[in-house]
Every structure is written in C-alpha cells, then in structure tokens.
Amino acid sequence: MAKIRHNQFIDTLTELSKNAKAEGVIQLYTEDESFSGRVITIKGKELLHFGTTGYLGLEQDIRIKKAAAEAIMKYGTQFPLSKTYLSHSLYKQLEEKLFEMYGCEVLVTKNSTLGHIGVLPSIIRDEDGIIMDHQVHWSVQNAVQSIKSRGVPVEMIRHNDMDMLESRIKMLSQNCEKIWYLADGVYSMFGDVAPINQIKELCSRYPQLYLYYDDVHGMSWKGKHGTGFVIDQYGRLPENVVVFTTMSKSFGASGSTMVTTNRELLERVKSFGGPLTFSAQLEPASVAAAIASCDIHLSPEIVRMQQSLMQRIDHCNQLLLNTDLPLVEVNDCPVFYVGTGVPAVGYNFTKKLYHEGIYANMGLFPAVPVKRTGIRFTISLHNRLSDIDQLIAAMEYHYPASLKEEGYTNNQVRKIFKLPALEVDSAQPKAIEGIRTETYDSIDQIAPEDWNPLMTGRNCFDHEGLQILENVFSKSTSLETNWDFRYLIIRDQSGKIILATFFTRALWKDDMLAPESVSRHLESLRESAPYLHTSNVLTMGSLFTEGEHLYWDETSALANHAIEALFQHIEELDAALKPDVIALRDFENHEKSFKSKFDSKGYVRISLPDTNYFDVDKLRNVGEFVDVLTSRSRKHFKKDIQPFIGRLELEVRSSLSTEEIDRAYTLYQNVWKNNLAMNTFSYQRELFTAMAEENNWEFILLRCPKRRLIVGVMFAYTNGTTYCPSLVGIDYGYTIEFSVYRQLLYQAIKRGSKPGLKRIDFGFSANFEKHKLGAESLRRYAYLQAKDNYSLEMLETLS
C-alpha cells in the first residue's frame, strides 16, 4: 500500500515552493551594487528592508568589515585543515574573547546546522531519550535523525505545551538515563520564546531532564555582553543545559558556538564531533570579524545598541496596538508576525507591500502550518523610526483590502491564531451572487430524487447507503465511532443543482497512513492511552466510503461561484465543528480544476493509497474471465485460485442471522487487527447488523464444508451500476489450505459481473492481489489543512 513517506513530503514542499516562486515571494535576488542595510533593490524597485536577521546591523559595521578584509590579506581566504589537527593563528584569540563573554569555555562551529549534527549525536547516549518541541528549528530536528537510528526513543510535543512535556518526561523516565528536551530560545517565525521559568520548574522535579536550546535568534540584542535570550534567563548556566548561539545574524560575523558549563559534555564533542572533526574550520576573515564583534559585545557600546533597538521595537509595538492588524505574539523581540491565514491572502498582501516599497518575508509551510501563513517582518538598527511608521501605515491600509479580495475576514484570521475577535470587522468578503446554498445535517432532509441521480454509480453513499451510515455512526456512544454528518447542495436560481457533497467529522488516528512500524509503536502506547496521537478530522465523504464524493457541474455558468461557496461552507463548518484537520479527497475528475484553489486556500496535497477497480464491460467483451488477464496473471489464476474453486461452500446472502453476524464481525476484526497498513479505529458491531437489514448490501460467505464454519466473508454494496466490495473478514487459520482471500476476490468479480453492472470498486489495499485478477488502479490524493504541523512533523520524526 502507498504510504505517506519522506519523498512525498519533499514532493509537497517542491510543489508549494513552485507556487510561492510563481507568486514572486521567494527565491528572489537583490540587484544592489552595495548594501547599506536599510534598503534593498529587487526587480528594479528600491524597498525598505524589513527582512534581515542582523538585528543590530553589525554586518555593516566598518570595524568588523575592516577586520575581515585585513585577515584575508594577512592569512588568505581559508586555512584548509581540520581544526582537530591545527587551528589558524586567530582562533585562540577568538576563543579567549568568547570565554570572556560567556564566563566559560565554548566550542566554535562552522555554523549552527553543522554544529547540531556534530554535537547532538555526541552528547546524547544510547540510554537517553529525546523530546522535541515541534517548532524547534529544522536543523535540530534533522540532527536527531541520526540519533534515532541508534534506537534512542524520540518524542515530539506540541509547541510550548508544558503539560505534554511533563507527560512525555514521565513516560520516558522509566527506561531513559537522561531525557533531553530540545527547543528554541526565540522562535524564528512568530517571535515567541521558550517558557524558561516553567522549564526550570520541571528540571527541579525531574533531575533526569537535560535541556538543549537553539538560541541563534536571541543572540546579541539580549543579555549581558549580548550573550542571548536563554543565558539572560539563567545567568550562569547549570550543568544540565546546553545552548547554541550564533556568530552570524545579529553578531555580524560567521559561525556558531556551543555553550555549556558541563565539562564532560564539552570534552565528548571535542573528542569526536562528526563534522566538527572532519570539516574545514572557519575562514580567517570570519574569525577576524568575530573577534571584532566580540570587542563590541564586551564594551558598553553593546548596551547602547540594545537600548536603541528596544526603542524601535517599542515604537513598532505601540503602532501595532493602535491598528486591527492580527499581531500573533506581543513581546520585546525584534521578530514580528502578522497572520494572514491562507496563502492567498499572504501572497496578495505581500505584493501590495512590495508595491508600497516595503520588503518583508512571508511565513510559509513548512516553517509554519499552511493555514498560519503570515507576514514575518523584523526590526533592526538599520530601520529609522520613520521607516517603521511607513511600514505599519502600509500594512494597516492594505490588509483589509487583501482579506476582502480573497474572501476572508479579520476575525476569521484571528480565530485561526486564537486572537481576540474584533467588535467591528472592517474586512467582509464579497457576497456570491446567482446561487442558492442549502445545508443539512441529515440525508433524510434531502429528497432521494435530488441526491441519487448525482451519486448513483459511485460508492455506498447514495441516499440509502448514507441512511445506514448515519443511523450507526451518528448515534454511537463511543468517541471513536461517533460522527457528525453535514450535507451541502448549491443550486442556480432556476433550482438546478450545480454542486453537492457531504462531510463527516470523526476521530482519526494520526498514523493512519504512516509506515506500519510507526503504527505498531503507537499502538503499544495506546494500550494505556487509547486516544494518543489522534485528531478530529472534517473530511469530504467519510472514512467508510471511497470514490469521488463531490458532484460538480463544470458546464454551469456559475460553476466557479459554486466552488467559492463550497470553500465558504467549509470555513463555516470549521468554525462550527472545530476540527484539528480538514481533509478534502478523491477529486478523480476535477483534480486540475481544483488544484490552484487548494494551493491558495492553504491545503497541502498528499498521496493516498491507490484505489482499484474492475471494468465489467471488458469481461463481457471476451466471454471468459481468464481472457481478460495478462499471461502472467493467467498463470497466477491457474496456480493460486482455480485449484481452490469449489473447495469451500459458497453462499451469497442478502441478510444474516444474529449468529452469522457475530461470526462475520469476528472475521472482520481479524483483518482489522492485522492491517496496520491502514490504521483506523474498528467499526462497531451495530454497523454489520444494519448492513444485514438493508437490501443493497449483500454478503459473500465461504464456509468450510466439514464444520459448516464461515471462514471468509465479503461485505458488498450495490449502487446503481457499481458493485462495491467494502469490507472483508477472514479466518487466517484457513488461508493456506483454501486461499480464502483470493477466493473472495474472485467471487466478488463474478458477483459484480451481473447484468446491469458496469464497474466493481475494489477500493484500496492489497493492490498486488487485485491486479493479478485484472483490476486496474487510480491515483488518489487528499488535500489537508491542519491547525498546526504537529501531527505531520511527529510522524516524520517517528518514521
């Protein structure tokens, strides 16, 4: 079965990058012959620069530039030798200056990414455990992958969730010597910070807890000698804390530093730190620039620079407080984030700012969740107060227009970011004219003559099929099988239906499409916490049904209006049902028409398992079943299926007795427990009782002739011209002797070839077995919109 694998994740990122590049917001080039730091030129237009991470502007300091230039002339462009053997002449001076700054010995690394790759595998032992904040920098998460391969347990918590952190500490404390929590000091997108006081309190209660902070965005503008946000919170670091700071960004040079008072950890990294041992050392120019920056950091000048930056930050905060702009985090960091919600609003807003002569960064997936797109701007000493005035004025003026043009409101965005709602929201979307929207919460409120012509021949979601699903799942008392149903019909003014679909809200396992090894691990944890790593999902269609759940008349003059109304309805369902994830899936006939909409509305495409179908007409055209098979499949049929035909007693039934339902349900449970490739919650017995009482369902039974025992069952639904084998049950004790599953597939093809039927929908899974019997496959995709990236990153971490 197709799974959500790393290459699919990369494919998704590539696609999103293409979209952002086409919109003109990433992979741009400056055109300046020199830089001042205050302005940059892009595509011939001079822009105020609000995208730098050089918050103190030291990269333009003449003393630092002069030191770098002189070092090149004296020592050359590089010193090409591993530092393990020999360091060039300036290194000792740099290390002495850093010791003076931090009050302890530090380790210099080429950059923070290589530093994490070198340090983390050296300080974390096989008997330790790891917990990561799900927003910790990618470079930290990447370094953990090599540690995970050694069998070190890795957990991930939602961002800054201290209750979740404590629960994971308790879980790992039974088997781990040290438990390492990996977090950022200052998070690079929203500008929020680690709750260090709460983390300190956890350390006081759990001596096993060790901390590893990436504080590159907290450097220079905060703390004594500019040593950063984290160290400012601690003063002298305790021995259970490791901090990574930077000599680039605000520091104005290049390289990174590992800071710890734990001599044992430091010596382990110095002895063998991976790329720190085998890679080249910092160039003489970088070391000289860092020395010059250290001199500034060790002087009273750094305090004046910090104070000057803080004046600008305070000024910006005050201006923002007098607007309706949804500032995601209010603090004293030089990183600001104004939420736009979906990418479409972000693209629109960014372009308007460019037109006004302002450069700022868009926050894009995967750095932020897709629906938490926004404008990330930074304040530096390069910016004048008048520049900041111009920035906020432009944002305040253009933001409502961007929202309105893309069909969103300020309060919708505020809800996404959990910000207080405005009493008066000036941004209201345009009304969609010419259509009539009807919403229902039961199929019984819709006439069968309206619904069935649209959905006949698709899957078991015609009017009768949905009545069964509603009666079972909407009345369930179990959290995992209690579903909400919602229906949408859009008509033109004459009453003709342009669009129709249905949605369900249900509890899904986050690892439903993860590799089986991940599901096996999580199922062991669910023995004590059955709802661990689960999410409420609003999906088009349902977990039980397959195929294209959307009827859309593309020929209608109002077809695009109907799509806009569909997305508005989804927003309303999101507000009412509050799902963690929205999943729109199976756009078999409309993939190309919808794709650009999905991208702009904040949906990420993932591949689903292929679905399998059998074209009944091709069987009728050749007469004999074996004639539709390839030569290789004929050999399979004659060897693995034909010899078993007739060895089991075959019955096709439209109803079952209570005892037969019990047996059929037991056999279904066997398959469910054995199928971690598609990891879902089990359906309840009431579903099978309801199926046995409905005429459109039938049951293919295979019995062992000696014991009259049912050893295989196929549950199949007929919708118009389509036959839908939906579930299977098997007694695995009879598989080898009777080839039960293959016999069920063969008998389903025979049943689906009755007069009046044109197609057999075999659904996903067991593709190989179905293909050998002549089935064909269709690619399937889902478009996901999640409240945060936690589930996706958690599965990437575990996979």
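Scan segment 178-193 for residues that are among the acidic types (Asp, Glu) and crowded, with 23+ Cβ neighbours inside 10 Å and jot them down. Break it down stepwise before answering.
Of all residues in segment 178-193, those among the acidic types (Asp, Glu) come to 184, 192.
Selection gives ASP184 alone.
Would you say PHE688 is farther than 26 Å from LYS618 by Cβ and crowded, with 21+ Cβ neighbours inside 10 Å? It is true that PHE688 is farther than 26 Å from LYS618 by Cβ and crowded, with 21+ Cβ neighbours inside 10 Å.
Applying the criterion of at least 3 residues that are within 25 Å of the chain's Cα centre (by Cα) to the strands (runs of 3 or more DSSP E) found wholly in segment 160-258 leaves 179-184, 209-214. Any residue in segment 347-360 that is among the basic types (Lys, Arg), touching a Phe, Trp or Tyr at 6+ places or on another chain (Cβ under 8 Å) and closer than 23 Å to GLY602 by Cα? Scanning segment 347-360 turns up no residue that is among the basic types (Lys, Arg), touching a Phe, Trp or Tyr at 6+ places or on another chain (Cβ under 8 Å) and closer than 23 Å to GLY602 by Cα.
Given the condition among the hydrophobic types (A, V, I, L, M, F, W, C), in contact with a strand residue (DSSP E or B) (Cβ under 6 Å, 6 or more places away or on another chain) and touching a residue at least 24 places away in the same chain (Cβ under 8 Å), answer yes or no: does some residue in segment 669-685 qualify? Yes: segment 669-685 contains one or more residues that are among the hydrophobic types (A, V, I, L, M, F, W, C), in contact with a strand residue (DSSP E or B) (Cβ under 6 Å, 6 or more places away or on another chain) and touching a residue at least 24 places away in the same chain (Cβ under 8 Å).
Sort through LYS706, LYS754, LYS772 and tell me the only one that's open to solvent by 50 Å² or more (accessible area, probe 1.4 Å), farther than 30 Å from ARG526 by Cα and touching a helix residue (DSSP H, G or I) at 6+ places or on another chain (Cβ under 9 Å).
Details: LYS706 fails: touching a helix residue (DSSP H, G or I) at 6+ places or on another chain (Cβ under 9 Å); LYS772 fails: open to solvent by 50 Å² or more (accessible area, probe 1.4 Å).
Checking each option against the conditions leaves just LYS754.
The single residue among LEU320, LEU325 that is surrounded by fewer than 23 Cβ atoms within 10 Å (Cβ to Cβ), touching a strand residue (DSSP E or B) at 6+ places or on another chain (Cβ under 6 Å) and assigned to a loop (DSSP other than H, G, I, E, B) turns out to be LEU325. In the set PHE699, PHE762, PHE715, PHE688, only one residue is assigned to a strand (DSSP E or B), at pLDDT 95 or above, under 30 Å from VAL581 (Cα atoms) and among the aromatic types (Phe, Trp, Tyr); that residue is PHE715. Can VAL136 be described as touching a Leu at 6+ places or on another chain (Cβ under 6 Å) and closer than 16 Å to ILE124 by Cβ? In short, yes. For segment 726-740, a residue qualifies if it is at pLDDT 95 or above and closer than 18 Å to HIS771 by Cβ, and exactly one does: VAL728.
Scanning segment 279-298 for residues that are more than 27 Å from THR409 (Cα to Cα), surrounded by fewer than 19 Cβ atoms within 10 Å (Cβ to Cβ) and not aliphatic (A, V, I, L, M) turns up at least one hit.
How many residues does segment 328-347 contain that are in contact with a strand residue (DSSP E or B) (Cβ under 8 Å, 6 or more places away or on another chain) and open to solvent by less than 20 Å² (accessible area, probe 1.4 Å)?
Residues of segment 328-347 in contact with a strand residue (DSSP E or B) (Cβ under 8 Å, 6 or more places away or on another chain): 328-329, 331, 333-343, 345-347.
Pick out the ones that are also open to solvent by less than 20 Å² (accessible area, probe 1.4 Å) and you get 333-343, 345-346.
Number satisfying all stated conditions: 13.
Annotation note: Cβ proximity below 6 Å between a residue of segment 315-339 that is touching a residue at least 12 places away in the same chain (Cβ under 8 Å) and a residue that is loosely packed, with under 15 Cβ neighbours inside 10 Å and in a helix (DSSP H, G or I) (sequence gap 6+ or interchain) occurs for HIS315/LEU385.
The values are calculated or read from the model by the stated rules, or taken from the named source; none is laboratory data. Here the structure is a predicted model, which means the values were calculated and not measured. Note that each Cβ is placed from the backbone with ideal geometry, even for glycine, and that neighbours are counted across all protein chains shown. All accessible areas refer to the heavy atoms of the entire protein, side chains included, with ligands and DNA or RNA removed. Shrake-Rupley method; radii C 1.70, N 1.55, O 1.52, S 1.80 Å.
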